[in-house]
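Colleague: Structure below; questions to follow.
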Amino acid sequence: MNYGQIRKYDIANGNGIRTSIFVTGCTHKCFNCFNEEYQNPQAGSVWTDKETAEVLAYVSDPNVAGLTLLGGEPFQNVDGLLPVVTKVREAVPHKDIWAYSGYTWDEIIACPSKRALLEQCDILVDGKFVDALRDPSLHFRGSKNQRIIDVKQSLATGDVVIAME
């Protein structure tokens, strides 16, 4: 897995101060994507144990509310992200994990490997960015079609539960 950046303190991609991992590689190619340079899976640097240790140290900071996965497309980087997220869950089980994806909830839960990563998350922001539905006033998403989903409640009930508007 390659990544474009790790932000120790990020306040734009989820509730509170967060540590964020921006993976590279995305085939959605959303028009006017805010991270077009991260669409190339070869962009950025190769993820190693050093980056995993760095993320664990960052997310363990008491000022950090949790971890956010975005990119690129996290759900096209499951093999690389799942071990990292599992270690974060073990180290700080009380902190939440957000994931941003161009895939919809239904697309993710239909694929066993994608669902495995989803099951480690607390919040999913789903759906491709649609420029015609762009709304800068939205919290934690770029276009009106995207949803902020409570993953645990949705998995428990079998229905999509919206965490916030």
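Values quoted throughout were computed directly from the atomic coordinates according to the rules given, and no laboratory measurement underlies them. As the structure is a prediction and not an experimental result, all values here were calculated from the model. Quick reminder, even Gly has a Cβ in these numbers, built from the backbone with ideal geometry, and neighbours come from all protein chains shown.
Colleague: Given R₀ = 25 Å, what would the calculated FRET efficiency be for T52 paired with R115, taking r from the Cβ atoms and rounding to 0.05? Write down the numbers at each step before the final one.
Modeller: Values: r = 22 Å, r/R0 = 0.89.
Calculated transfer efficiency: 0.65.
Colleague: 5 Å is the cut-off here: which amide hydrogens, built 1.01 Å from N in the peptide plane, fall below it relative to I17, excluding neighbours closer than 5 in sequence?
Modeller: Placed amide hydrogens put A65 under 5 Å from I17.
Colleague: Assigning unit charges at the beta carbon (Lys, Arg +1; Asp, Glu -1) and nothing else, what dipole magnitude in debye, to the nearest 20, does the chain show about its Cα centre?
Modeller: Details: 16 positive and 21 negative charges, 20 e Å.
My answer is approximately 100 debye.
Colleague: What list do you get for S137, S101, S20 if you sort them by fewest beta carbons within 10 Å?
Modeller: S137, S20, S101
Colleague: Assuming 0.36 nm per residue, please report the length gained on full extension of the stretch S60 to D135 beyond their Cα-Cα distance.
Modeller: 23.7 nm is the gain from fully extending S60 to D135.
Colleague: Next question, about the same structure. Under 1.5 on a/c is rounded, so check that first for the chain, then, if it is not, pick prolate when a/b is larger than b/c and oblate when it is not; a ≥ b ≥ c are the square roots of the alpha carbon gyration tensor eigenvalues.
Modeller: Working: a/c = 1.35, a/b = 1.14, b/c = 1.19.
Rounded.
Colleague: Now a separate question. Can you list the HN-Hα couplings for the range 52-60, worked out from phi with the Karplus curve (6.51, -1.76, 1.60; θ = phi - 60°), rounded to whole Hz and with x for Gly and Pro?
Modeller: Each residue of the range 52-60 in turn: 4, 4, 4, 4, 4, 5, 4, 6, 6 Hz.
Colleague: Here's something else I'd like to know. State the answer as a single residue: which of G72, S137, T48 lies farthest towards the positive end of the charge dipole of the range 19-165, with beta carbon charges of +1 for Lys and Arg and -1 for Asp and Glu, about the Cα centre.
Modeller: Farthest towards the positive end: S137.
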